[in-house]
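Below: one structure, written as structure tokens.
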Amino acid sequence: MTDCLFCKMVAGEIRPDVVYEDDAVLAFRDINPQAPTHVLVVPRTHIATINDLEPSHAELVGRLYLAAREVARREGLAERGYRTVMNCNAEAGQTVFHLHLHVLGGRPMKWPPG
Ligand code: AMP
Ligand code: ZN
């Protein structure tokens with residue numbers, strides 16, 4: 001999608017602070033971090049929301065979590081703990097309509113989330 005911010009990052013038109021990438025995903029630091037580590041893991045394919053997932057995306061969703069695991073390891077969060085969040089649509093606060101997994105860590109997390 002030409003007018004999608006995260007597609008532009010995947011295409012290299014905008015260069016974020018990349019912490020991990022592979023053939024399926026790109027992971028980069030959030031521009032407005034909500035924790036000492038706040039990384040977004042995005043699929044290279046444009047999928048707008050969780051509602052747009054199809055059975056054919058099952059492996060790709062797994063790849064997002066495998067990338068989150070690697071980000072957590074690299075950021076020193078794996079043992080102390082971290083949170084993954086995927087917002088869907090307005091009431092969850094989704095603002096960028098290209099699927100992304102937030103990886104947050106480096107401080108104690110509250111529950112329930114706000
Ligand atoms: P969400 O609210 O779940 O859709 O998350 C979108 C996230 O994208 C927010 O946490 C934003 O801070 C982040 N974001 C927006 N623009 C950029 C950008 N140019 N580079 C990195 N992160 C961004
Ligand atoms: Zn996109």
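Read-outs: derived from the displayed coordinates by stated rules, not from any lab. Given the structure is predicted, the values throughout are model-derived calculations rather than measurements. Quick reminder, even Gly has a Cβ in these numbers, built from the backbone with ideal geometry, and neighbours come from all protein chains shown.
Scan region 63-114 residue by residue and report those that are touching a strand residue (DSSP E or B) at 6+ places or on another chain (Cβ under 9 Å), part of a loop (DSSP other than H, G, I, E, B) and within 15 Å of ligand 1 (Cβ to nearest atom).
Once the filter is applied, which keeps residues that are touching a strand residue (DSSP E or B) at 6+ places or on another chain (Cβ under 9 Å), part of a loop (DSSP other than H, G, I, E, B) and within 15 Å of ligand 1 (Cβ to nearest atom), region 63-114 yields 86, 87, 96, 98, 99, 100, 113.
Out of everything in region 58-77 that is out of contact with any Pro (no Cβ under 8 Å at 6 or more places or on another chain) and farther than 19 Å from residue 30 by Cβ, what residue ends up being surrounded by the most Cβ atoms within 10 Å (Cβ to Cβ)?
For region 58-77, the residue satisfying everything is 61.
Tell me, which residue of region 1-28 that is more than 14 Å from the chain's Cα centre (by Cα) and away from ligand 2 (no atom under 14 Å from the Cβ) is farthest from residue 104 (Cα to Cα)?
23
Any residue in region 66-95 that is free of Cβ contacts under 8 Å to residues at least 60 places away in the same chain sitting within a Cβ distance under 7 Å of a residue that is assigned to a helix (DSSP H, G or I) and among the hydrophobic types (A, V, I, L, M, F, W, C)? List the pairs, counting only those 6 or more apart or interchain.
Pairs found: 78/72; 82/72; 84/68; 86/50; 88/50.
Look at residue 39 and say whether it is under 23 Å from residue 15 (Cβ atoms), more than 14 Å from ligand 2 (Cβ to nearest atom) and of a type in the set (Val, Ile, Thr).
yes
Within the set of pairs 6 or more residues apart or between chains, which connect a residue that is touching a residue at least 12 places away in the same chain (Cβ under 8 Å) inside region 8-23 to a residue that is exposed (fewer than 12 other Cβ atoms within 10 Å of the Cβ) with Cβ atoms less than 8 Å apart?
As it stands, the answer is 9/15; 16/31, since those pairs meet every condition given.
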